[in-house]
Amino acid sequence: MKHVKTLNGATLKSSAAHGGCGECQTSCQSACKTSCTVANQKCEHKK
Amino acid sequence: MVHTFENLGCYIAVDVNSGAVHVLDKMMFDLLRRIENLPRMPERCPDEVKSELGEYAPEELDECWAELLELQENGLLFERDDYVNPAMALVKNAPVKALCLNVSHDCNLRCKYCFASTGDFGLGRKTMSVETAKRAIDFVIQRSGIRRNIEVDFFGGEPLMAMDTVKETVKYARSIEEEKGKRFRFTITTNGVLLNEENIAYINETMDNCVLSLDGRACVNDAHRPTANGKGSYDLIVPKFQKLVEKRGDKDFYLRGTFTRDNLDFAEDVLHIASLGFERGVSVEPAVGKPDDPFAITEDEVETVKAEYDTLARALVDHPEINFFHFNVDLEQGPCVIKRMRGCGAGSEYVCITPDGDIYPCHQFVGNEAFKLGNLYDESFDLELSAKFAGMNIYTRKECGSCWAKFYCSGGCSAANYNVNGDITQPSHVGCEMERKRLECAIAIKAIRAGLAE
């Protein structure tokens with residue numbers, strides 16, 4: 001495309017198929033303790 | 001839902017429901033910005049849009065429109081969220097799988113912004129007994145259901161003041177985890193004052209992650225993090241943290257600071273912490289508190305804070321070696337959409353336990369009787385209150401549904417919401433503004449580092 005470069009595809013939608021196992025880290029345990037920060041958590045399926 | 005923004009000179013579009021992110025040229029940005037609130041694109045560029053964008057030739061806008069339509073057809077723009085079933089986010093009888101274990105309600109620092117009232121949460125200075133800690137491990141095993149991964153964060157107060165309890169807790173959990181079909185992961189959050197050769201070795205061997213508290217420059221740190229006798233803590237703790245990190249190998253850690261109204265130039269503190277050899281994990285976050293708290297960031301400071309995040313982003317864009325926690329957004333391999341709907345899990349998957357064995361939704365609710373979930377000794381656990389927390393997600397929390405950042409922040413912090421609005425479901429506007437700015441910075445940095453923008 002001439003006017004658009006895609007940095008990231010529809011990864012969120014595709015994650016719905018395998019998601020929800022609940023094994024991933026609780027976000028507040030990683031570093032924050034005062035702010036909910038979820039988007040940088042790791043998925044246990046992909047380790 | 002589409003969100004367009006300009007940051008670090010990049011023109012970016014986030015397709016909220018699909019998770020796609022696009023880098024645009026200026027003409028495309030101007031066009032998409034005009035139509036981002038549409039539910040879907042029509043086949044042809046409307047004449048009124050073309051006339052609003054009179055600086056561009058109509059045929060060029062048609063060319064842009066065709067590209068946008070192609071993205072839409074490929075599920076990368078104006079995607080609906082009908083693939084998401086909000087019911088998937090609702091966890092019934094939510095298993096508890098993460099503990100914040102307040103092994104010490106005492107502290108050897110007197111941090112001025114401390115949400116824990118300098119360590120005791122207003123409940124009196126206490127250390128958790130080994131018996132209580134073991135009960136906490138039994139509790140999480142029993143309540144975790146089929147979940148295998150269990151997290152325990154040793155917290156306080158200052159957990160190094162209760163090292164015997166920490167060690168006995170780890171030993172006990174390790175002794176039964178295999179038999180119970182669990183895998184424990186331990187973390188510790190410490191101010192560093194009591195670090196020595198022995199407990200540095202223990203922490204590096206035992207803890208999957210450690211959070212080391214330091215606010216940044218010596219003047220900033222010492223103004224807010226004095227010792228009990230009123231002296232600054234910087235010179236005492238920095239060499240200890242450096243020794244710990246030097247011997248930590250590739251295991252995770254974060255140097256974790258707090259910024260307040262007194263250091264709105266906190267980008268300097270992030271860079272300072274990185275310069276001390278801690279670039280692999282830096283997190284500097286806004287002070288939390290009620291609006292009348294003298295340190296918490298309020299509406300009066302939020303625009304300054306947002307500008308400072310821009311300053312920090314400009315400083316970090318050429319330094320990929322510096323991992324700033326809040327700019328670390330995993331666009332590709334991050335958590336699934338279901339996790340992103342639920343958020344932190346406080347009060348359901350995640351609870352905090354005090355030295356008396358009282359159970360609260362998270363460390364920030366400790367001492368608030370209205371939110372006490374139960375106690376380890378009388379084996380009480382308020383399933384109704386837990387269900388209230390478990391029932392919250394980005395589709396039920398007020399205002400989140402219409403926010404472009406909902407799948408990144410997942411509904412924010414219930415405790416912050418309560419502090420500011422007296423309602424765990426009502427997002428804190430200041431918190432939301434800062435979160436959205438951090439995300440825009442993080443995505444722009446990614447675009448530049450990917451070579452898609454300059």
Just to verify a result, which residue in the stretch B:246-269, among those that are open to solvent by 20 Å² or more (accessible area, probe 1.4 Å) and part of a helix (DSSP H, G or I), is farthest from residue B:217 (Cα to Cα)?
B:246
Candidates B:99, B:76, B:32 - the one that is in a helix (DSSP H, G or I) and either open to solvent by 60 Å² or more (accessible area, probe 1.4 Å) or of a type in the set (A, V, I, L, M) (or both)
B:32
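Condition check ((1) more than 20 Å from residue B:362 (Cβ to Cβ); (2) facing chain A (nearest Cβ under 9 Å); (3) surrounded by fewer than 19 Cβ atoms within 10 Å (Cβ to Cβ); (4) under 27 Å from the mean Cα position of the chain (by Cα)) across all residues:
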{"position": "B:107", "(1), (2), (3), (4)": "no, no, no, yes"}
{"position": "B:119", "(1), (2), (3), (4)": "no, no, no, yes"}
{"position": "B:123", "(1), (2), (3), (4)": "no, no, yes, yes"}
{"position": "B:126", "(1), (2), (3), (4)": "no, no, no, no"}
Within the stretch B:367-394, residues being outside any loop (DSSP other than H, G, I, E, B) and either modelled with pLDDT of 95 or more or open to solvent by less than 40 Å² (accessible area, probe 1.4 Å) (or both) number 11
What residue, among those in the stretch B:295-351 that are without any contact (Cβ under 8 Å) to a residue 40 or more places away in the chain and away from every other protein chain (no Cβ under 14 Å), is nearest to residue B:112 (Cα to Cα)?
B:300
Select the helices (runs of 4 or more DSSP H) contained entirely in the stretch B:403-454, then report the ones holding at least 2 residues which are among the polar types (S, T, N, Q).
B:414-421
Just need a number here: residues in the stretch B:129-149 that are open to solvent by 20 Å² or more (accessible area, probe 1.4 Å), under 16 Å from residue B:374 (Cβ atoms) and either within 10 Å of chain A (Cβ to nearest Cβ) or of a type in the set (S, T, N, Q) (or both).
1
Inside the stretch B:163-190, can you point out the residues that are touching a residue at least 12 places away in the same chain (Cβ under 8 Å), over 28 Å from the mean Cα position of the chain (by Cα) and under 23 Å from residue B:253 (Cα atoms)?
B:164, B:168
When you look at residue B:215, is it of a type in the set (Asp, Glu), part of a loop (DSSP other than H, G, I, E, B) and out of contact with any Cys (no Cβ under 8 Å at 6 or more places or on another chain), yes or no?
yes
Taking residue B:382 as the residue in question, decide whether it is over 17 Å from residue B:89 (Cα atoms) and in contact with a strand residue (DSSP E or B) (Cβ under 7 Å, 6 or more places away or on another chain).
yes
When residue B:89 is run through (1) within 12 Å of another protein chain (Cβ to nearest Cβ); (2) without any contact (Cβ under 8 Å) to a residue 24 or more places away in the chain; (3) of a type in the set (Gly, Ala, Ser), the failure sits at (2)
Across the stretch B:45-57, the tally of residues that are assigned to a helix (DSSP H, G or I) and open to solvent by 20 Å² or more (accessible area, probe 1.4 Å) stands at 5
Within the stretch B:166-180, identify whether any single residue is open to solvent by less than 60 Å² (accessible area, probe 1.4 Å), of a type in the set (Ser, Thr, Tyr) and outside any helix (DSSP H, G or I), and answer yes or no.
no
For the stretch B:114-148, which positions are within 21 Å of residue B:210 (Cα to Cα) and either among the small types (Gly, Ala, Ser) or modelled with pLDDT under 95 (or both)?
B:114, B:115, B:116, B:118, B:119, B:133, B:136
Identify the residue in the stretch B:118-162 that is touching a residue at least 40 places away in the same chain (Cβ under 8 Å) and in contact with a Cys (Cβ under 7 Å, 6 or more places away or on another chain) and, among all such residues, is nearest to residue B:94 (Cα to Cα).
B:153
State whether the residues of the stretch B:272-282 include one that is within 14 Å of chain A (Cβ to nearest Cβ), open to solvent by 10 Å² or more (accessible area, probe 1.4 Å), at pLDDT 95 or above and over 14 Å from residue B:442 (Cβ atoms).
yes
If we scan the stretch B:427-449, do we find a residue that is more than 29 Å from residue B:266 (Cα to Cα) and not acidic (Asp, Glu)?
no
For the stretch B:280-321: of the residues being among the acidic types (Asp, Glu) and part of a loop (DSSP other than H, G, I, E, B), which is nearest to residue A:25 (Cα to Cα)?
B:321
The lone exception for residue B:60 - which of (1) within 28 Å of residue B:338 (Cα to Cα); (2) outside any strand (DSSP E or B) it fails
(1)
Out of (1) within 13 Å of chain A (Cβ to nearest Cβ); (2) part of a loop (DSSP other than H, G, I, E, B); (3) open to solvent by 10 Å² or more (accessible area, probe 1.4 Å), the one residue B:18 does not meet is (3)
Of all residues in the stretch B:192-245, how many are modelled with pLDDT under 95 and out of contact with any strand residue (DSSP E or B) (no Cβ under 9 Å at 6 or more places or on another chain)?
2
Residues in the stretch B:322-364 that are assigned to a loop (DSSP other than H, G, I, E, B) and within 19 Å of residue B:14 (Cα to Cα) total 9
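The values are calculated or read from the model by the stated rules, or taken from the named source; none is laboratory data. What you are looking at is a predicted structure, and each value in this text was computed from that prediction instead of being measured. Note: ideal-geometry Cβ built from the backbone for every residue, glycine included; neighbour counts use all protein chains shown. Keep in mind that these areas ignore ligands, DNA and RNA; they rest on the heavy atoms of the full protein, side chains included. Shrake-Rupley method; radii C 1.70, N 1.55, O 1.52, S 1.80 Å.
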